[in-house]
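The values are calculated or read from the model by the stated rules, or taken from the named source; none is laboratory data. Since the structure is predicted, the reported quantities are computational estimates derived from the model, not experimental observations. Please note: Cβ atoms are built from the backbone with ideal geometry, for glycine as well, and neighbour counts cover all protein chains shown.
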Amino acid sequence: MGWRLKCTFWFLYLVWNLTMGVSGQEPGGQTPPFKWRGAIDWQKQTLSLEIEENASYSGPNAPAVTNTIERRIQQALPRILSSSVAILQVDSQKTLLERMVESETLASQVLLAASKGKPGFPRYSSTLLPLSVEYRFPLFEVFGPLLIQHTQPMEVPHVLSWVPSANFSGIVIYAKGELPHYGERRSSRLKPALFPELYMETMDPVFLLPMGDPSYLARWGVAAYSSSFDERPFVDRIGYNPLRVFAVGLFGKYPTDILLSREDGYRILSRPPNRRLLKEGRILIITDTTKESIP
């Protein structure tokens, strides 16, 4: 078997394992050695995993057993992490699994990203043996560097004609409820993603990912998400005088991209300080839900 064929075989095997892992199955119908559950919290920008070993232990040497269980969970973490992030929405076109299918390098990097998990204290049973260990992964600190391809941002488009506007400290977009899905005869609810984009209802771009400053994208992404109208937790990001606008539609294979009215798009693009807000990701999106369970 040639070297390229071997690589392709092992890569497809890895992707198959990730897919099986998402559904909680094991080859041959075997009982998986670990149980796990996860969640993505878009407001806190974290992915959490709680992993529990299925095996039972008994005996007097509890400290040794504790170390064994924690070590086995740590060893299983890369595969479980890769399974859990398969549904993570990258943008309006692809999930992380779809990106990994396209790139062997990315699939390997996701496995290595398990080392960046921040473990919490183990949860113990009545016999003082650990039942589970929880890990937390900051979304942009862990996955941002794997997905941001540019080092210098493109220019944000600007409009030359005068429009009534002002210099704002941030941008708040209200996107609750069902919104028209551009190009389709249906409405959809916004789906949070790592890198959403903004357009005007005429489909002229307001913000595309390559326009973002990579240092800000790696820090906190394109936008923050919240299901509450309380803006106080986001003051460091959007300031005290943000522009508040309503989404008029959604766009994409997955409904992650937001359409703004032409008037609101011009209010942003007509002034350099407001265009800088886009580059720095000083955007808050208020939507219906900001939490996803995995799997």
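For segment 221-261, which strands (runs of 3 or more DSSP E) that fit wholly inside it have 2 or more residues that are out of contact with any Ser or Thr (no Cβ under 8 Å at 6 or more places or on another chain) and in contact (Cβ under 8 Å) with a residue 12 or more places away in the chain?
Because the criterion is at least 2 residues that are out of contact with any Ser or Thr (no Cβ under 8 Å at 6 or more places or on another chain) and in contact (Cβ under 8 Å) with a residue 12 or more places away in the chain, the strands (runs of 3 or more DSSP E) in segment 221-261 that meet it are 243-251, 257-260.
Out of curiosity, is residue 215 part of a loop (DSSP other than H, G, I, E, B) and either of a type in the set (Gly, Ala, Ser) or at pLDDT below 95 (or both)?
no
Residue check, residue 178 against (1) surrounded by 13 or more Cβ atoms within 10 Å (Cβ to Cβ); (2) closer than 23 Å to residue 219 by Cα; (3) acidic (Asp, Glu), all met but one. Which one?
(2)
Any residue in segment 121-147 that is within 19 Å of residue 44 (Cβ to Cβ) sitting within a Cβ distance under 9 Å of a residue that is among the charged types (D, E, K, R) and at pLDDT below 80? List the pairs, counting only those 6 or more apart or interchain.
From segment 121-147, the pairs are 134/123.
Is it the case that some residue within segment 190-210 is buried (at least 19 other Cβ atoms within 10 Å of the Cβ), assigned to a helix (DSSP H, G or I) and in contact with a Lys or Arg (Cβ under 9 Å, 6 or more places away or on another chain)?
For segment 190-210, residues buried (at least 19 other Cβ atoms within 10 Å of the Cβ), assigned to a helix (DSSP H, G or I) and in contact with a Lys or Arg (Cβ under 9 Å, 6 or more places away or on another chain): absent.
State whether one or more residues within segment 113-123 are modelled with pLDDT under 90, in contact with a Pro (Cβ under 6 Å, 6 or more places away or on another chain) and more than 27 Å from residue 275 (Cα to Cα).
yes
How many of the residues in segment 212-235 are among the charged types (D, E, K, R) and in contact with a Pro (Cβ under 7 Å, 6 or more places away or on another chain)?
Final tally of qualifying residues: 1.
Would it be correct to say that residue 93 is over 25 Å from residue 197 (Cα atoms) and modelled with pLDDT of 85 or more?
Taking the combined requirement at face value, the residue does not satisfy it.
Taking the options 109, 89, name whichever one is surrounded by fewer than 18 Cβ atoms within 10 Å (Cβ to Cβ) and not hydrophobic (A, V, I, L, M, F, W, C).
109
Working only within segment 239-259, note down all residues that are crowded, with 21+ Cβ neighbours inside 10 Å, farther than 14 Å from residue 284 by Cβ and of a type in the set (A, V, I, L, M, F, W, C).
250, 251, 259
Determine, yes or no, whether residue 264 is crowded, with 18+ Cβ neighbours inside 10 Å, among the acidic types (Asp, Glu) and not in a loop (DSSP other than H, G, I, E, B).
Taking the combined requirement at face value, the residue satisfies it.
Conditions first: (1) of a type outside the set (Phe, Trp, Tyr); (2) within 22 Å of the chain's Cα centre (by Cα); (3) under 24 Å from residue 148 (Cα atoms). Residue 269 passes all but one, so which condition is the exception?
(2)
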